[in-house]
1. Using the Cα atoms as the points, what is the convex hull volume per residue of the stretch 461-502 in Å³?
2. Work out from phi, with θ = phi - 60° and the Karplus expression 6.51 cos²θ - 1.76 cosθ + 1.60, the ³J(HN,Hα) of each residue of the stretch 641-652, listed in order in whole Hz, and give x for Gly and Pro.
3. If each DSSP helix of 4+ residues adds -39,500 (n - 2.57) and the sum is divided by the residues in the chain, what number results at 222 nm, nearest 500 deg cm²/dmol?
4. Cβ neighbours within 10 Å, averaged per peptide: list 295-301, 340-346, 431-437, 177-183 in order, most packed at the top.
5. Which whole number in µm²/s is D for the stretch 243-343 by Stokes-Einstein, with the Kirkwood Rh taken over Cα pairs at 4 °C and 1.567 mPa s?
6. Using a 1.4 Å probe, how large is the accessible area of residue 393, given in Å² and rounded to the nearest 10?
7. Between their Cα atoms, which of 126/164; 93/126; 26/93; 179/611 are more than 26 Å away from each other?
8. What are the ³J(HN,Hα) couplings of the stretch 426-434, residue after residue, when phi is run through the Karplus curve with 6.51, -1.76, 1.60 and θ = phi - 60°? Round to Hz, x for glycine and proline.
Amino acid sequence: MPLDSHSLCPCGSGKEIRFCCSEMLKDFQQLETMLSNGQFSASLAMIEKLEEKHPNNAALMAAKCLIFRETGRFEEFFAAAGQFYGAYPQNVKAIAENTFARTLAGENAEALSSLIDGIEKNEPGKIDGNLLGPLALLVTNLLDTGQIYPAVALAKLLRSFNPKSREAAALLGQIYRSKEIPLIEKEITFDPAAPDDFPFRDKYADAAVRLATGHWKEGKALLEELLSCAGQWPNLYRSLGLVHFWFGDLDKAADAMKKFAASERVPFDDAVDALSAAMMLRRPLSDDAAVIQVVRTVPDPDKAIELLLSSPRVISMPFDPHQFTAGGQPAPSHAFRVIDRPFPEQGSPVTVENTPVTLGTFLFFGRQTDREARIEIQIFEPDKEKMISFLESVLGGNLGPETGSMTLSTLPWLFNRLGPDFQFKAGAAVKPEEVAALYRSYFEEVFAGQWLSHPNDYLGGNPPAELAGQPESARTLAALVQTVAFQTDPQFADGLAAVLRGRLGIPQPEPIVPPEGTDSEVLAFFQNTPIWRWNRADLSHVSAAACGQLLQVISLFEEESTMARLSERILSLPADEKDAQARYLAYRVKIGIVEAAEGPARALELIPEAKNAARQAGISEASLELREAAIHLLLGRAELFQQTITSFAARHRNEPEAMAELQMLLMNLGILNPDGTPRAAGPAGGAEAPAPAPSEPKLWTPDSDLPPSGDGSSKLWTPD
Ligand SMILES: [Zn+2]
């Protein structure tokens, strides 16, 4: 809608133009047209002219920020945003631009503080549309820098302010599904209400509303006022600790969580969760070690290659030389992996003792016109001596002096130990169950012992084993075990945790028993049970329908062990038409499990039962049909695949969602380009690039479907 004198003034005052910058209405109208047509340089010239007559006009400053930002002139944008915010620190548009600028400059703490100031200009539950863009950008920045708690909280906020935005949903979905982020970091939250007997219940309710609506500074102030009553209700510490997480005050957060966990009124499991939440924070630990690159010359490269290729511990890795030619540098001639022991003899049992792991890798560069032949070794610093002495033993005098060394990254001790990189000889017929047993015995026998005797920062540098059996350390030790388990491959986490608890004298977690009541009572029970404890629930009295509801929730997080338990429970009950939806969901999970464990042919056998459940539930069978087609292809039945797809396209051509799913499948299989054109006829000219994975939507960028920069209209600069 074009601007008129009754429109809200683009200066952000919140008043109508006729009561505000009324004399500039014509200029604003012209500017709005030019901006929405993308005439940025002409607009800028006009603004500069207008500013001679109207210096420091907020609407003009806002338009200038927009132009610089949209055209990627970031230095000028930072200056313009600084000027605008300096002149109008209370104007939400100025705050939004300041938040954008701080975020783009990577100053996350300042950006967050500015964002919260902006949100607090509105009443709880409302947000100025100008803040949505910088809010989304800040979420991605926080995720990139490992500040998970504020990232998750802001992503949920963005979603609640923007329930219809697909990008906001995709961003949150991506966080939920991420295997890198433990469930506790995604779902730990403050209490929505204080207990009935807490004297300042209303004040806490006020704080909770503010925390839930992004009024974090106000909420935090209220909690701090209430803190003198924490003796009566220690959960105040946990709520406050969370707000400290959000603001990046990590020491204060850890301190609050410790106070909460130390209270005898707090149940063991809750204390353990709060302590592990603080331990999950990504911050430097005293056992962090560097991954380094060391360069050594090679006097006789031909001889060196011959020696390397004849060593049973040096494995030549296939690699793409193009990957290394960026920047005009010559590519290496070989890439090698060094394993810590030779491969076992064919047919010997697979054990931790005889299965090698990678010690390090190196690239081999032949002689260049101005440079001797060399190797570039990438290695975890503590393993450097081992690697060098091994290479000396293979190459002898052909390992020349060190000519360079640099740190590539830093990794915690734990990270290195939790991901053992077992190597199997090419062509060795090792069964999947042998690999699983190998990893299990690594975690439960080798790793468990190492971890128990390794000095731990959270225990003042003591190894956990030293505090075993001490009742006053039980909560902390249990939290450490839980933290390690959260970071371990889910397949082995429970087994490892049980071993560690046993050796530390900590009780094993008890099963969680839901009430034997109506479905809504059962669901209410689960709603009040942290989601990372659901895998401990005793499901033997939970109905199929309730399991279906729970399955729907847990599927958002792709938490496989709970998904498997719920679907098993549903399918173990007699099939009842009223549970069709739950059965459909359960089959979808089971098809995935069976496909991975027993192969696609077995998974295919489940499709008819799944379709039957879908029909009874009135759910489209489209995604099952596509699953079926994909399995045909996996089994090498190209003709059946073709038939299934053709009939699918004919039957569902009027269903946009089904057709989008089809396109996604064809893209995943590399048959279609992302723009929908067939790959064979694509412009790539035969160059086979790997297909992108469209199942992961792109991280949200500020110029997609959210206001202010789009929303389907041409509104860029004027208020909603
Ligand atoms: Zn105005």
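The values are calculated or read from the model by the stated rules, or taken from the named source; none is laboratory data. Computed from a predicted structure; not experimentally measured. Here the Cβ is made from the backbone with ideal geometry for all residues, glycine too, and neighbour counts use every protein chain on show. Accessible surface areas use protein heavy atoms only, side chains included; no ligands, DNA or RNA. Shrake-Rupley method; radii C 1.70, N 1.55, O 1.52, S 1.80 Å.
1. 67
2. 4, 4, 4, 4, 5, 5, 6, 4, 4, 5, 6, 10
3. -16000 deg cm²/dmol
4. Those peptides, ordered most packed to least, come out 295-301, 177-183, 340-346, 431-437.
5. Taking Rh from Cα pairs, D becomes 68 µm²/s.
6. 90
7. Exceeds cut-off: 179/611.
8. Listing the rounded values in order: 3, x, 5, 8, 9, 7, x, 5, 5 Hz.
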